[in-house]
Each structure stands twice: as C-alpha cells, then as structure tokens.
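See structure below.
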C-alpha cells in the first residue's frame, strides 16, 4: 500500500514513518533504533525519500517541509499545518 503525500510523490507507510522522524531531526542511527530496523535500512529509506522529493540533502528536505507548513492559512494548529504538508 502506498500513500500519496504532497502532490505526486508516493511514499510507502514505512517511508512516512522515517520521514516524520527525519523531520524531527533524527539521525539514521536514531531512526533505526526507534523503528527497530538496521542503520543500513534507515539509510536506504532516507535515500529513497530524498530521491522522491528530488532533494540532495536531508537539511534541504527539512527546510522545504517546514517552509511549506508555515505557508498554510492562519487558524490551523502547528500540528495541523505540519501534517497537512505531509
């Protein structure tokens, strides 16, 4: 099963888990520990996410997502803005 997120980008449910942790600034090692996967698997998921988002660094990805979240209309909570971007 794939979930559509932000325009035409498709992420798997696991990639969404990784993306959420990535957006919280977690390292590959921290992502692996939290999701109970290997560090290599974590790196692979991050790489796939960056490719799908057409970004060349995790910092650019994080900045892009938070910039989009800040563009949302007033009246939404931070959580609603953040999840709307996802």
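The values are calculated or read from the model by the stated rules, or taken from the named source; none is laboratory data. Keep in mind that this is a model prediction, so the values were computed, not measured. Neighbour counts are summed over all protein chains in view; Cβ atoms, including those assigned to glycine, are modelled from backbone coordinates with ideal geometry.
At a glance:
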read-out: The range 6-21 residues that are farther than 16 Å from residue 44 by Cβ, paired with ones that are modelled with pLDDT of 85 or more and surrounded by 13 or more Cβ atoms within 10 Å (Cβ to Cβ) (beta carbon under 6 Å, 6 or more apart); value: 9/52
read-out: Within the range 22-35, tally of residues that are surrounded by 20 or more Cβ atoms within 10 Å (Cβ to Cβ) and under 17 Å from residue 53 (Cα atoms); value: 1
